[in-house]
1. Quick test for you: out of Asp60, Asp77, Asp85, pick the one residue that is under 30 Å from Glu107 (Cβ atoms), touching a Ser or Thr at 6+ places or on another chain (Cβ under 7 Å) and acidic (Asp, Glu).
2. Run down Leu55, Leu86, Leu65, Leu112 and say which single residue is in contact with a Pro (Cβ under 7 Å, 6 or more places away or on another chain) and either aromatic (Phe, Trp, Tyr) or modelled with pLDDT of 95 or more (or both).
3. Check off (1) in contact with a strand residue (DSSP E or B) (Cβ under 7 Å, 6 or more places away or on another chain); (2) loosely packed, with under 15 Cβ neighbours inside 10 Å; (3) not polar (S, T, N, Q) for Asp91 and give me the number that stays unchecked.
4. Testing Lys5 on (1) out of contact with any His (no Cβ under 6 Å at 6 or more places or on another chain); (2) in a loop (DSSP other than H, G, I, E, B); (3) open to solvent by 40 Å² or more (accessible area, probe 1.4 Å), one condition comes back false. Which one is that?
5. Of the residues Leu102, Leu112, Leu118, Leu96, only one is surrounded by fewer than 17 Cβ atoms within 10 Å (Cβ to Cβ) and either of a type outside the set (Lys, Arg) or more than 20 Å from Gln9 (Cβ to Cβ) (or both); which?
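The values are calculated or read from the model by the stated rules, or taken from the named source; none is laboratory data. Values in this document were obtained by computation on a predicted structure and should not be read as measured data. Virtual Cβ from ideal backbone geometry, glycine too; neighbours counted across all protein chains shown. For accessibility, only protein heavy atoms count, side chains too; no ligands or nucleic acids. Shrake-Rupley method; radii C 1.70, N 1.55, O 1.52, S 1.80 Å.
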Amino acid sequence: MRLDKLLAQAGYGSRNQIKKLIRGRQVRIDGAYASSDGQNVDPALHHITISRKELRHAPDVYYLLHKPQGVVSARIDRNHQTVIDLIAPKDRAEGLYPVGRLDRDTEGLVLLTNNGPLGFRMLHPKHHVTKTYYVEVNGLLERDAPAFFENGIRTKSSFI
């Protein structure tokens, strides 16, 4: 991750303020002064200090959760239990959210993470992430059923 982006996410100011910190030799990586704001760092691998204070950065978390029927694919809902509610409070990370959604009456596997860039890449149509759905129905479907469902979905999908 870029150093300036990491420090901005950690609350050390805007990117311009962070550039000033770096130019002012207030940021060290593994004991050496940071060379540039675009320097790639990993807070899990590098010891980073800002004005002699250690950077405390929570790692990204990833959960694969089987969402049962009746649960909402959302962070917060006033009327229904959410997928976040299914995670034990001690295991909830700041910014945790479901990547994608399943309807309340649908069950299935849902990815929960606090990694915003990953979620964006998985959800945004320009990245063309293929999704596969397994559907059970109460009766016979016509031959055009897969096309009917694909036309209603904006991402490329396949049915088993």
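1. On inspection, the qualifying residue turns out to be Asp60.
2. Residue meeting the stated conditions: Leu112.
3. Among (1) in contact with a strand residue (DSSP E or B) (Cβ under 7 Å, 6 or more places away or on another chain); (2) loosely packed, with under 15 Cβ neighbours inside 10 Å; (3) not polar (S, T, N, Q), the lone unmet condition for Asp91 is (1).
4. Condition not satisfied by Lys5: (2).
5. None of the others qualify; the one that does is Leu118.
Listed here are the residues, each with its yes/no results for (1) within 20 Å of Pro59 (Cα to Cα); (2) modelled with pLDDT of 85 or more; (3) assigned to a loop (DSSP other than H, G, I, E, B).
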site	(1), (2), (3)
Lys90	yes, yes, no
Pro98	yes, yes, no
Thr106	no, yes, yes
Leu118	yes, yes, no
Met122	yes, yes, no
Ala147	no, no, no
Arg154	no, no, yes
Ser158	no, no, no
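Conditions (1) open to solvent by 70 Å² or more (accessible area, probe 1.4 Å); (2) in a loop (DSSP other than H, G, I, E, B), marked per residue:
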| residue | (1), (2) |
| --- | --- |
| Gln17 | yes, no |
| Leu21 | no, no |
| Ser35 | yes, yes |
| Gly38 | no, yes |
| Asp42 | no, yes |
| Arg56 | yes, yes |
| His66 | yes, no |
| Gly70 | no, yes |
| Arg78 | yes, yes |
